[in-house]
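Just below is one structure, and these are the notes that go with it.
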Amino acid sequence: MARPEDARQYGRATRNRAVDVRRSRGSTMGDDHVLDDLAARALDSLEAPEQARVDGHLRGCDACAARLAEYRAVVGALPLALDPLGPPPGTWATIQSGLAPRPDVR
Ligand SMILES: [Zn+2]
């Protein structure tokens, strides 16, 4: 049978463990990090609630913030790796015909 002193000791140990998890944030890559969402965050493709959750984590986690900065650097360089590509033939003619005044409208 647990004595009241044992319960108090257990509660103290549980609280201390919770403090240790908070201290480890930013220094280790544990399950509470947002690694799976960082690529989507770098592309600004998260839904608002997810983005708020990820941004909240990033404010307190240097490790994830640093990883996001790396992802953003890659995203910024991606267009430079592509050959310039113009629009398909006829695109501008199609746009101009859509802009021309229609003879049946005054
Ligand atoms: Zn993190």
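The values are calculated or read from the model by the stated rules, or taken from the named source; none is laboratory data. Every value quoted in this text rests on a predicted model; they were computed, and no experiment measured them. Here the Cβ positions follow ideal geometry from the backbone for every residue, glycine too, while neighbour counts run over all protein chains shown.
Points to keep in mind about this one:
- Any chance G76 is at pLDDT below 95, within 16 Å of the chain's Cα centre (by Cα) and not in a loop (DSSP other than H, G, I, E, B): yes
- Pick from the range 34-46, criterion under 24 Å from P79 (Cα atoms) and part of a loop (DSSP other than H, G, I, E, B), ranking: nearest to the ligand (Cβ to nearest atom): L46
- First in the range 24-43 and over 13 Å from R67 (Cα atoms), second anywhere and more than 9 Å from the ligand (Cβ to nearest atom) and modelled with pLDDT of 95 or more, Cβ under 9 Å, 6 or more apart: L43/Y71
- Residue check, P49 outside any helix (DSSP H, G or I) and at pLDDT 50 or above: no
- Selection over the range 51-87 of residues that are within 16 Å of D37 (Cβ to Cβ) and within 9 Å of the ligand (Cβ to nearest atom) gives a count of 8.
- Selection within the range 83-106 - of a type in the set (A, V, I, L, M) and at pLDDT 90 or above: A93, I95
- Taken across the range 19-33, residues that are at pLDDT 95 or above, within 14 Å of the ligand (Cβ to nearest atom) and assigned to a helix (DSSP H, G or I) do not occur at all.
- Candidates R59, R41, R12, R67: the one that is at pLDDT below 95 and out of contact with any Lys or Arg (no Cβ under 8 Å at 6 or more places or on another chain) is R12.
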